Structures are given as C-alpha cells and as structure tokens.
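Student: The structure's right below; bear with me while I get my questions together.
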Amino acid sequence: MLALGKLLELTLAGHEPSAKIQLTPDGTRLRWLDEGALEVTPPAARDNGLDLLLSAGVHGNETAPIELLDRLLRGIARNELHPAARILFLFGNPEAMRRGERYVEQDLNRLFSGRHEQSSGFEAIRACDLEHLAVNFFGKDTGRTRLHYDLHTAIRASKIEQFALYPWQEGRAHSRRELEHLRAAGIEAVLLQNKSSITFSAYTYAQLGAEAFTLELGKARAFGQNELVNLDLLENALHALIEGREVISGEPTLDGMQMFAVSREVIKHSDSFQLHVPADIENFTELEPGYLLAEDIADTRWIVEEQGARIIFPNPKVKNGHRAAILIVPDDGAGLA
Ligand SMILES: O=C(O)CCC(=O)N[C@@H](CCC(=O)O)C(=O)O
Ligand SMILES: [Zn+2]
C-alpha cells in the first residue's frame with residue numbers, strides 16, 4: 001500500500017511523510033497537505049464534479065469515525081476503491097487523538113466561523129488551519145458540488161444511535177435529497193438547526209456553501225473498541241459517494257428517519273449552573289412540560305415548556321458560555337426543499 005494511505009498512523013506518530021504526493025495504479029493522486037490532512041484527486045476522466053470533505057477526530061476520543069476514515073483511505077491507497085470524487089480527508093485534532101481526549105485546551109468544535117480569532121492556543125490555531133484547508137479544497141466559484149460530513153460519536157448512550165445535525169443559514173432550505181442519502185446511509189434521525197453555530201459543519205455550510213452535517217455515530221470509545229458501533233450502511237454509502245455510484249438503491253425515502261427541530265440550546269452561564277438530569281440519561285430521552293431542567297446564576301431556571309421535548313448532549317461540565325444541552329421537538333419536515 002502507498003505510504004500516504006497510512007495517514008492515521010503518520011498522524012498518531014506525529015510524522016511528516018517524506019514523499020508528499022503519491023499516485024495509485026489507477027491514476028488517483030494522494031497529496032499530504034498538513035498534519036492529518038490529505039487530498040485525493042481522481043484522474044480527470046473519472047472526475048464526477050463532487051468535492052467531498054470527510055472529517056473525523058475533531059474530538060480526539062471519538063475513534064470509530066477515525067477508524068472509518070482510515071479504512072476508506074487505505075482502500076483508495078490499495079487501489080481497491082476508485083474515486084470519482086475529489087476528497088479531503090481531515091483528522092481534526094491530532095494532538096487530542098494522540099492523548100485519547102476530547103480536546104487538549106478547549107473544544108475545537110466551538111472555534112469556527114471566526115471564534116478562533118477571539119482565542120489563542122493550540123485548538124484556536126488548528127481551527128484556523130482547518131478553515132483554510134476547507135477553503136482551499138472547495139476553491140472559489142468552481143461550480144462543483146460541495147459536501148461535508150463531519151463524523152463524531154457521542155459522550156453518552158442514545159435512544160437513537162446514529163443521527164445528523166443539519167446546520168442553518170438564513171434563507172436556505174434544508175435539502176430533502178441530502179436527507180434521503182443519509183437515510184440510505186443508516187442515519188435514523190436528523191436535528192434541523194434554526195440558528196447559526198460555531199461548529200466545523202456550520203462553517204462549511206454557511207461560509208463555504210457546502211451541504212454539511214455533523215454525523216453522530218454511536219458512543220465514543222477508545223481505539224480498537226468499536227465493535228458495537230455498526231457503520232456498515234454509512235461505509236457502503238461512502239464507498240458509493242467516493243466512486244460516483246448512486247447511494248440510494250430503490251425509491252428515495254425518508255421513511256424511518258425521525259425529524260426534529262432544535263427548540264432551545266441550554267447555555268451554561270456560570271459555575272453555579274446545575275443540570276437536573278440523571279447522570280446516565282440517554283440522548284433523546286423525553287422530558288415532560290414543567291420539568292425543571294437546569295438552574296443557573298441570578299435565579300435563572302430552565303423549565304421544559306415544549307410538548308414532546310427531548311434532550312440531546314446534556315453536559316454540565318462544559319465551559320461557561322457553552323451549550324450544556326439541546327432541547328429538541330418533533331418536526332414535520334414541511335420546510336425541506
Ligand atoms: O455527546 C456529547 O455531549 C457531544 C457530542 C458531540 O461532540 N457533538 C457535536 C455536535 C456538533 C454540532 O452541533 O453540529 C459537538 O458538540 O461538537
Ligand atoms: Zn464530537
């Protein structure tokens with residue numbers, strides 16, 4: 001196999017490869033760009049006009065998606081997968097991956113869309129680098145199709161294991177077609193955002209015009225311990241996207257995909273913040289109207305008012321000013337285009 005196919009090994013070892021460009025026997029070009037960053041260019045005759053950004057390891061301890069990208073890249077480097085799409089593989093936070101931690105100094109996925117400029121340190125620099133890598137990859141007014149899947153796993157167990165968060169931009173409708181692709185890829189639910197955000201997928205969606213999603217793929221575990229995370233459907237769909245084959249076999253459908261809209265983000269404002277949920281609560285647990293969800297400084301109280309509310313990503317340990325939970329409600333998908 002070509003040495004650049006071992007991007008994960010290189011990244012975990014902190015090694016810069018001596019040969020930065022390699023060609024597979026079928027004429028696919030692999031180009032190492034930076035730590036954890038590798039561009040794949042198909043031969044011109046096979047290029048189908050899709051620019052596909054695949055990222056994982058934005059949180060260093062979310063290993064199942066990192067292992068998935070590693071398998072895809074090795075498949076290309078072994079000449080087993082024959083790309084028709086241009087692809088940018090990104091391992092988001094190499095230092096956190098080496099340490100097996102979510103982040104080193106601060107959460108990388110809260111530093112995009114300009115936030116890194118108001119900050120400093122290791123992750124702020126990396127967020128800036130990742131933005132530049134994405135900008136250069138997608139290029140300017142190329143007329144090509146832009147798609148970004150930012151792959152994650154969740155801290156806690158989920159009643160719905162594999163789900164997508166779909167970013168938001170003023171005046172832009174969420175795409176039914178993209179959701180049909182995700183359904184075929186095994187994604188069981190989608191959370192439609194309704195305000196801008198500072199995550200990586202929100203950046204590529206709103207600033208770079210890509211269709212972009214954060215995909216949550218199960219519970220975070222250490223390298224080599226992901227046998228409970230079944231990514232077969234997603235892996236098949238990614239093979240199809242990479243090789244320019246149709247992702248959906250049969251009639252496109254959203255049947256079986258649950259749709260939710262974000263109702264509120266619970267923001268932790270101070271060290272007095274208290275989240276009143278059991279420590280082992282699962283994502284997508286329903287909360288009744290009237291439930292006192294959280295309390296914070298200055299008698300702030302978060303009480304559930306929504307019918308059919310469910311909670312996602314409850315985490316009282318986030319830094320002040322950050323999201324400590326999301327409340328979602330069922331959505332009928334009427335706003336899809
Ligand atoms: O399990 C958790 O509490 C967090 C899982 C996670 O890292 N989720 C992403 C979602 C990004 C988005 O909102 O698009 C994150 O919090 O960064
Ligand atoms: Zn994550």
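The values are calculated or read from the model by the stated rules, or taken from the named source; none is laboratory data. For clarity, every value in this text was computed on a predicted model and none was experimentally measured. Just the protein is used for accessible areas: all its heavy atoms, side chains included, with ligands, DNA and RNA removed. Shrake-Rupley method; radii C 1.70, N 1.55, O 1.52, S 1.80 Å.
Student: So what is the accessible area of the chain per residue, in Å², with the probe set to 1.4 Å?
Tutor: 43
Student: Which pairs, out of Lys159/Lys317; Lys140/Lys317; Lys6/Lys195; Lys219/Lys268, put more than 32 Å between their alpha-carbon atoms?
Tutor: Among Lys159/Lys317; Lys140/Lys317; Lys6/Lys195; Lys219/Lys268, the Cα-Cα distance tops 32 Å for Lys140/Lys317; Lys6/Lys195.
Student: Which angle from 0 to 90°, rounded to the nearest 10, does the C-alpha axis of helix 122-138 make with the longest principal axis of the chain?
Tutor: 50
Student: To continue, here is another question. Taking the Cα atoms only, what angle lies between the long axis of helix 232-243 and the longest principal axis of the chain, rounded to 10 degrees?
Tutor: Around 40 degrees separate the two axes.
Student: Restricting the calculation to Cα positions, tell me the Rg (one decimal) and the Dmax (whole number) of the stretch 214-337 in Å.
Tutor: Radius of gyration, then largest Cα-Cα span, for the stretch 214-337: 18.4, 56 Å.
Student: If I take every Cα pair under 8 Å that is 6 or more residues apart in the stretch 1-58, average their sequence separation and divide by the length, what percent do I get for the relative contact order?
Tutor: Reported as a whole number, the value is 25 percent.
Student: Let me ask you something else. Relative contact order of the chain, please, whole-number percent, based on alpha carbon pairs below 8 angstrom and at least 6 residues apart.
Tutor: 16
Student: Next question, about the same structure. Within the accessible area of the chain, what % is carbon and sulfur when the probe is 1.4 Å and the other protein chains stay in place?
Tutor: 47
Student: Give the Kirkwood hydrodynamic radius (Å, one decimal) of the stretch 1-99, defined as one over the mean of 1/r across all pairs of different Cα atoms.
Tutor: 13.3
Student: With both bridge residues required to lie in the chain, what share of the DSSP beta bridges run antiparallel, to the nearest 5%?
Tutor: DSSP beta bridges in the chain are roughly 55 percent antiparallel.
Student: Relative contact order for the stretch 154-193: what is it in percent, counting Cα pairs under 8 Å that are at least 6 residues apart?
Tutor: 61
Student: Additional query: Let me have the 222 nm mean residue ellipticity of the chain computed from DSSP H runs of 4+ only, each contributing -39500 (n - 2.57), with the sum over all residues rounded to the nearest 500.
Tutor: -6500 deg cm²/dmol
Student: Using Stokes-Einstein with the Kirkwood hydrodynamic radius over Cα pairs, what translational diffusion coefficient do you get for the stretch 271-337 at 37 °C and a viscosity of 0.692 mPa s, in µm²/s rounded to a whole number?
Tutor: Result for D is 253 µm²/s.
Student: Quick one: give the max-minus-min coordinate of the C-alpha atoms of the chain along each principal axis, largest first, in Å.
Tutor: 64, 47, 40
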